[in-house]
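A short worksheet on the structure shown next.
The values are calculated or read from the model by the stated rules, or taken from the named source; none is laboratory data. A quick note: this is a predicted structure, and the numbers were derived from the prediction, not measured. In this analysis, Cβ positions are derived from the backbone assuming ideal geometry, glycine residues included, and neighbour counts consider all displayed protein chains.
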Amino acid sequence: MNDNNGINSPRAATFAQKFLLVTEKCAKKFVGFFGLGNSEVTVTLSKIKGRLKKSIRPAALEGIDICVAEHCNMACYSCNHFSQLAEPVFADLAETERDLKRLSELSGGNIQSIMLVGGEPLLNPELPEFMRVARQYFPGSRIQIITNGLLLLAQKDVFWESAKKYNIVMTPTKYPGINWEKIEERADTFGYKFDYFGFTENSEKVSRKFCLDLTGSQNIKKSFMRCPLAFCTVGLDKGRLATCSFVFSMKHFNRYFNQNVPVTEADSIDIYKAKDMQEIIDFLNSPIPLCRFCKSMGTEIVGEWRKSEKTIDEWT
Ligand code: SF4
């Protein structure tokens, strides 16, 4: 049982989850239509969504992120994966396949969305194989690749053919200065339409600040409740699930800046030791010790998209 004192009846939770999903889609359309993608309206909506989501005790997990490449070919200000600080490392395909099999058994294949993320996922030469195993174990899920799009034009036919065969949704972030028309033309030849990330199709990309408190003196429950990443960017890594991307990527920040923000086993759950999916969901929908170190997670817009200078003040 999570300690958020929310909706606990499975039927009410399923209804609330579906209601939330429909409301989210409508809100996205509304915000896109009125070009409010970069405004305080979006920030407020995402805060409300995060709070509502945490007040439900769902019986099914909404989604998981698999980081198939830790590093990135872009360097964005205050990246919440610390990808611009990461050494080049790819996810292990066999290990990921084992983990997906275990999660498929635990959930009955009922995880709504599987996201292949990074860093930049297109850097991983085995990406078509990751598409295959994700689809094999989650035949009914929405499987997405979240990419900055820089490498889309360079992809060989096998990439597009696999994406089509395994029904993968391509979700590029529409960064400025990229020839999207040409990329869309190439995608079109394979019958592809993109589902652009967030509001980047209609609004210019902005930079946000993910701000840490290196003294670790934040209230974990408050940090968790106001955090838009918590229970929304659930990460899978080496047989463990964590409620946010920070848990598995904090090592890059620690290494690059010679810091020691502590990440322990208490921040994630072992999917092989958990007795069932509900135990995992309850864990993911509860604060973790690392929340002590988070001040404001991406809710502060700092202006139009900018490059990272890789200095510690981008996160402090
Ligand atoms: S550690 Fe807690 S507050 Fe920080 S990003 Fe993760 S869930 Fe959010």
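Here are a few things to note about the model shown:
Conditions (1) more than 25 Å from Lys209 (Cβ to Cβ); (2) surrounded by fewer than 16 Cβ atoms within 10 Å (Cβ to Cβ); (3) touching a His at 6+ places or on another chain (Cβ under 6 Å), marked per residue:
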site: Lys54; (1), (2), (3): no, no, no
site: Pro58; (1), (2), (3): yes, no, no
site: Ala69; (1), (2), (3): no, no, no
site: Ala75; (1), (2), (3): no, yes, no
site: Pro125; (1), (2), (3): yes, yes, no
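- When Ser296 is tested against (1) within 11 Å of the ligand (Cβ to nearest atom); (2) modelled with pLDDT of 95 or more, exactly one condition is not met: (2).
- Identity of the residue in the stretch 132-147, surrounded by fewer than 22 Cβ atoms within 10 Å (Cβ to Cβ) and within 17 Å of the chain's Cα centre (by Cα), that ends up nearest to Phe82 (Cα to Cα): Ile146
- Residue in the stretch 294-308 that is among the charged types (D, E, K, R) and without any contact (Cβ under 8 Å) to a residue 60 or more places away in the chain present: no
- Breaking point among (1) of a type outside the set (Gly, Ala, Ser); (2) assigned to a loop (DSSP other than H, G, I, E, B); (3) within 22 Å of the chain's Cα centre (by Cα), for Ile178: (3)
- For the stretch 182-211, filtered to residues that are at pLDDT 80 or above and small (Gly, Ala, Ser), the residue that is nearest to Met115 (Cα to Cα) is Ala187.
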